[in-house]
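S.K.: Pasting in a structure now, in structure tokens, and then I'll have a few things to ask.
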Amino acid sequence: MAGVRLAARPVAPHGKLTAFDLENRILSPDECLSRCELEALQLARLRQTVARAYERVPHYRDCLRRHGVGPDDVRSLNDIARLPFTTKDDLRDNYPLGMLAVPRENLARVHGSSGTTGKPTFVAYTRTDLDTWARLCARFLTAGCLRPGHLVHIAFGYGLFTGGFGLHAGVEHVGAAIVPAASGNTPRQVTLLHDLGADVLICTPSYAVNIAEVAAAEGIEPSELPLKFAHFGGEPWTEDMRAQIEQAFGIVAFDNYGLSEIIGPGVSGECVYRCGMHIQEDHFLVECVDPDTLEPVAEGDYGELVFTTLTKEAMPILRYRTRDISRLDRSPCACGRTGVRMSRVVGRTDDMLIIRGVNVFPSQIEEALLRVEGTAPQYLIEVDRPGSLDEVTVRVEIRPQDFSDKMSQMQALRDRIDREIHSVTGVRVTVELVEPLTLERYAGKARRVIDRRVTRLQ
Amino acid sequence: MKIPQLSLFLENRPGQLGHPCRELANAGINILTLSLADTQQFGILRLIVRDWKRAKEVLEGAGHVVNVTDVVAIEVPDRPGGMAELMEALESASINIEYMYAFNYRRGNDAAVVIRFDDPDAALAILQKAGFKIVSSTEVFDNMAG
Ligand SMILES: [Zn+2]
């Protein structure tokens, strides 16, 4: 699978960012430990974590016993492979707070994730966990140009979702000022951005697109807003989408990654060299495994990320299967940080489709469509196996601005989509143009894949 | 001189053509003429109606993708060679026809065709010079039944 590999040089000053704004600054020396120092620290923390999980979390005690592993069996970092995995189902089975390693009275905060199916899951923090979390967010925000004196507009939800409160504490730790706009009421967001003149935007990338659209509709050119840069996270996005948002606002956009089960935002983030997101390895041990065999993938290959928390007090998590597909780059980064860099998440193991032996992610189809149409269209991927071969149909909703009364142009549009999908995925598909708003949407989120091969097997 | 034409994107499945016609009927809008171009996979329905602005709103409100393009309606003498003369005039001026369809319009001994040109203004100039009668939108809308 071809990935976007960025050149190892810092973002060139563009938009409203100067070379001074883009200076590489490192918040903590712990971000630059040598491999040797880092691994010694990781091992000590891993042993502590396993011991605490074993002693205080019945779920882990049972699991570790079943695996025939005790806390004393962790003698090197390689012994991580002997530990059991943790999945979202384990968290659900221990609903609501069955995985705590501290008494309830010691908790300082509870967050949750909605989960697209089934019960929500909760995660908990001690006071120390919240401090760690703030420091980790502050680190990646600093790596991505945030300085005291900036005004930061946070358009993440403040609630059970970890995005709002997590980044809020991180920005405070850096010493910058905050407009806690929260999410929703987009016209109001535009007014705030315009009138208060925030330097920095923090939200999901898709919400940034929405803000740009609403601003334009209200007669405000997004590029005329004072915004200089942005930190986006909370959902997968593409390099094309980054280019689009950067152009619309005239800003530099940084990517960050996190998930509530591990801590929330703060697991990893980009530096000014933007060649992947540095994982904060002194706090999280990362593995990249084949989702089927659960064995490590070859160096640099795509696989499922698995994280073990190394410092979490309230809810230590061993080998959490994120279902996120990414790959790791251990080559040195010019910024001086030594944390391994993860690529942007290209898909979820749940959505990975194997088409005639090739791994295809809906995000790749989306990337292809973005290249053709410029903005994210609505689409549905249908997979079937009428005979012995997989057949894929991609149904794309036509948008008013792409519709022409000329048949030749319509067919050219279809052919272009066809070619781009082939060039991104390496797989031939049938492209069908359909009328707008005809593809089903579920609770705001569009359904992207229907795999009929599954029902055929039953 | 140009006439606004509405085009609709249609998926190629049963019932697709009836829906927009019914929407217009419910809004009391009469279809003066229409033409359908289709492939195995999708179709483009082209319509001429008097109140095209309202028709566009009605159709868009019903979820259709609609665009408006200018077409030209030309009278063709209703006798052998009438059509050939028109085509020859366009060919000799290297004017390209994107598509055309017959127009359910009749005045005296003449019929009319609707033509979509890439450059309708250039086509109009050539045709007028060559002595062809261009049907104005008022004539189209007024001479039609309904
Ligand atoms: Zn770096």
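The values are calculated or read from the model by the stated rules, or taken from the named source; none is laboratory data. Quick caveat: nothing in here was measured; it's all calculated off a predicted structure. A quick note on method: Cβ atoms are made from the backbone with ideal geometry, for glycine too, and the neighbour counts reach across all protein chains shown. These accessible areas exclude ligands, DNA and RNA; they are computed on the full protein's heavy atoms, side chains included. Shrake-Rupley method; radii C 1.70, N 1.55, O 1.52, S 1.80 Å.
S.K.: Per the Cauchy relation, a quarter of the hull surface: what is the mean projected area of the convex hull of the alpha carbons in the protein assembly as shown, in nm²?
M.R.: Hull-based average projected area comes out at 33.8 nm².
S.K.: Using modelled backbone amide H atoms (1.01 Å from N, in-plane), which distant-in-sequence or interchain residues come within less than 5 Å of B:Arg50's amide H?
M.R.: So B:Arg50 has HN proximity to B:Asn30, B:Leu32.
S.K.: Go through segment A:313-354 and name the trypsin sites (Lys or Arg not before Pro) that are in a DSSP coil and have 13 or fewer other Cβ atoms within 10 Å of their Cβ.
M.R.: A:Arg330
S.K.: When only Cα pairs under 8 Å and 6 or more residues apart are kept, what is the percent relative contact order across segment A:353-457?
M.R.: Reported relative contact order: 34 percent.
S.K.: Then there is this: What is the calculated FRET efficiency for A:Gln411 to B:Met1, with r their C-beta to C-beta distance and R₀ = 35 Å, to the nearest 0.05?
M.R.: Plugging the Cβ-Cβ distance into 1/(1 + (r/R0)^6) gives 0.70.
S.K.: 5 Å is the cut-off here: which amide hydrogens, built 1.01 Å from N in the peptide plane, fall below it relative to B:Val135, excluding neighbours closer than 5 in sequence?
M.R.: Distant-sequence amide H within range of B:Val135: B:Ala73, B:Ile74, B:Glu75.
S.K.: Give, as a single signed number, the net charge of other residues whose beta carbon lies under 14 Å from the beta carbon of B:Arg13, with Lys and Arg counted +1 and Asp and Glu -1.
M.R.: -3
S.K.: So if I place +1 on the C-beta of Lys and Arg and -1 on the C-beta of Asp and Glu, and nothing else carries charge, what would the dipole magnitude of chain B be about its Cα centre? I want it in debye, nearest 20.
M.R.: 400 debye
S.K.: Okay, next question. Can you tally the net charge around A:Gly98? Count Lys and Arg as +1, Asp and Glu as -1, for every other residue whose Cβ sits under 13 Å from the Cβ of A:Gly98.
M.R.: In short, +1.
S.K.: Report, in cubic angstrom per residue, the convex hull volume of the C-alpha atoms of chain B. Spell out each step's value before the answer.
M.R.: On the way: hull volume 17.3 nm³, N = 146.
Given the Cα convex hull of chain B, per-residue volume reads 119 Å³.
S.K.: For segment A:31-98, run through the trypsin sites (Lys or Arg not before Pro) and keep only the ones in DSSP coil with at most 16 other Cβ atoms within 10 Å of their Cβ.
M.R.: A:Arg75
S.K.: Compute all pairwise cysteine Cβ distances in the protein assembly as shown, then list the cysteines with no distance under 4.7 Å to another cysteine.
M.R.: A:Cys32, A:Cys36, A:Cys63, A:Cys137, A:Cys145, A:Cys203, A:Cys275, A:Cys288, A:Cys333, B:Cys21, each lacking another Cys Cβ under 4.7 Å.
S.K.: In addition: Show me the GluC sites (Glu not before Pro) within segment A:5-86 that DSSP assigns to loop and that have at most 15 other Cβ atoms within 10 Å of their Cβ.
M.R.: Those that pass, being in a loop and sparsely packed, are A:Glu23.
S.K.: Over segment A:329-412, what is the relative contact order in percent, taking alpha-carbon pairs closer than 8 angstrom and at least six residues apart?
M.R.: That works out to 16 percent.
S.K.: Now for a separate question. Using the structure shown, select from A:Lys16/B:Lys56; B:Lys53/B:Lys133; A:Lys228/B:Lys56; A:Lys406/B:Lys133; A:Lys228/A:Lys406; A:Lys16/A:Lys312 the pairs with a Cα to Cα distance greater than 31 angstrom. Mind dumping the intermediate values first?
M.R.: Details: A:Lys16/B:Lys56 42 Å; B:Lys53/B:Lys133 26 Å; A:Lys228/B:Lys56 41 Å; A:Lys406/B:Lys133 25 Å; A:Lys228/A:Lys406 42 Å; A:Lys16/A:Lys312 38 Å.
Flagged as over cut-off: A:Lys16/B:Lys56; A:Lys228/B:Lys56; A:Lys228/A:Lys406; A:Lys16/A:Lys312.
S.K.: Under the Karplus relation 6.51 cos²θ - 1.76 cosθ + 1.60, θ = phi - 60°, what is the ordered set of whole-Hz ³J(HN,Hα) values for segment A:119-129, x standing for Gly and Pro?
M.R.: 5, x, 10, 10, 10, 10, 10, 8, 4, 4, 4
S.K.: Provide the packing ranking of A:172-181, A:252-261, B:83-92, i.e. peptides ordered by the mean count of other C-beta atoms within 10 Å per residue, highest first.
M.R.: Values: A:172-181: 17.6, A:252-261: 23.6, B:83-92: 14.3.
Result, highest mean Cβ count within 10 Å first: A:252-261, A:172-181, B:83-92.
S.K.: P(r) for segment B:2-69: what percent of alpha-carbon pairs falls in each 10 Å bin, starting at zero?
M.R.: Result, from short to long distances: 22, 60, 18, 1 percent.
S.K.: A further question on this structure: Between the chain alone and the structure with every protein chain in place, find the residues of segment A:402-417 that drop at least 50 Å² of accessible area; heavy atoms, 1.4 Å probe.
M.R.: SASA drop of 50 Å² or more in segment A:402-417: A:Phe403, A:Asp405, A:Lys406, A:Met407.
S.K.: For a Förster distance of 35 Å, can you work out the FRET efficiency between the beta-carbons of A:Ser223 and A:Arg419, rounded to the nearest 0.05?
M.R.: Numbers: r = 31 Å, r/R0 = 0.89.
With R0 = 35 Å, the Cβ-Cβ based efficiency is 0.65.
S.K.: Please give the charge dipole size of chain A, origin at the Cα centre, charges +1 on K and R Cβ atoms and -1 on D and E Cβ atoms. Round to the nearest 20 debye.
M.R.: Details: 54 positive and 62 negative charges, 150 e Å.
In debye, rounded to 20, chain A gives about 720.
S.K.: Here's something else I'd like to know. Select from segment B:21-39 all residues whose loss of accessible area on going from the chain by itself to the full protein assembly reaches 30 Å² or more (probe 1.4 Å).
M.R.: Listed by number, the residues meeting the 30 Å² cut-off are B:Thr39.
S.K.: I'd like to know how segment A:153-297 sits against the 2.2 N^0.38 Å rule of thumb: what's its Cα Rg over that expected value?
M.R.: 1.11
S.K.: Can you give me the C-alpha center-to-center distance between segment A:165-242 and segment B:11-62, rounded to a whole angstrom?
M.R.: Cα centroid to Cα centroid, the span is 41 Å.
S.K.: Need one number: buried accessible surface between chains B and A, 1.4 Å probe, both sides summed, DNA, RNA and ligands left out, in Å² to 100.
M.R.: 1700 Å²
S.K.: Could you pull out every residue, at least 5 positions away or on a different chain, whose amide H is within less than 5 Å of the one on A:Glu432? Hs are placed 1.01 Å off N in the peptide plane, and Pro or chain starts have none.
M.R.: The list, which skips near neighbours in sequence, is A:Val394, A:Arg395, A:Val396.
S.K.: Compute the accessible area of each residue in segment B:57-105 twice, once for its chain alone and once with every protein chain present, using a 1.4 Å probe on heavy atoms, and list those whose area falls by at least 30 Å².
M.R.: Correct list: B:Gly63, B:Val65, B:Asn67, B:Glu98.
S.K.: Carbon-plus-sulfur fraction of the accessible area of chain A, 1.4 Å probe, in percent?
M.R.: The computed percentage sits at 50.
S.K.: I've got another one for you. Can you work out ³J(HN,Hα) from phi for every residue in segment A:340-355, in order, using Karplus 6.51 cos²θ - 1.76 cosθ + 1.60 and θ = phi - 60°, giving whole Hz and x for Gly and Pro?
M.R.: Once θ is set to phi - 60°, the couplings for segment A:340-355 become 4, 9, 9, 6, 4, 5, 8, x, 10, 4, 5, 9, 5, 10, 9, 10 Hz.
S.K.: Another question about this same structure. Taking chain B as the reference, fit the longest principal axis to its C-alpha atoms, fit the long axis of helix B:52-61 to the helix C-alpha atoms, and give the angle between the two in degrees, 0 to 90, nearest 10.
M.R.: That helix lies at roughly 30 degrees to the long axis.
S.K.: Whole-Hz Karplus ³J(HN,Hα) for segment A:150-156, in order, using 6.51 cos²θ - 1.76 cosθ + 1.60 and θ = phi - 60°, x for Gly and Pro?
M.R.: 6, 10, 10, 9, 9, 10, 9
S.K.: Next question. Rolling a 1.4 Å sphere over the protein heavy atoms, what is the accessible area per residue of the protein assembly as shown, to the nearest Å²?
M.R.: 44 Å²
S.K.: Within the set of other residues whose C-beta is less than 15 Å from the C-beta of A:Val190, count the net charge using Lys and Arg as +1 and Asp and Glu as -1.
M.R.: -4
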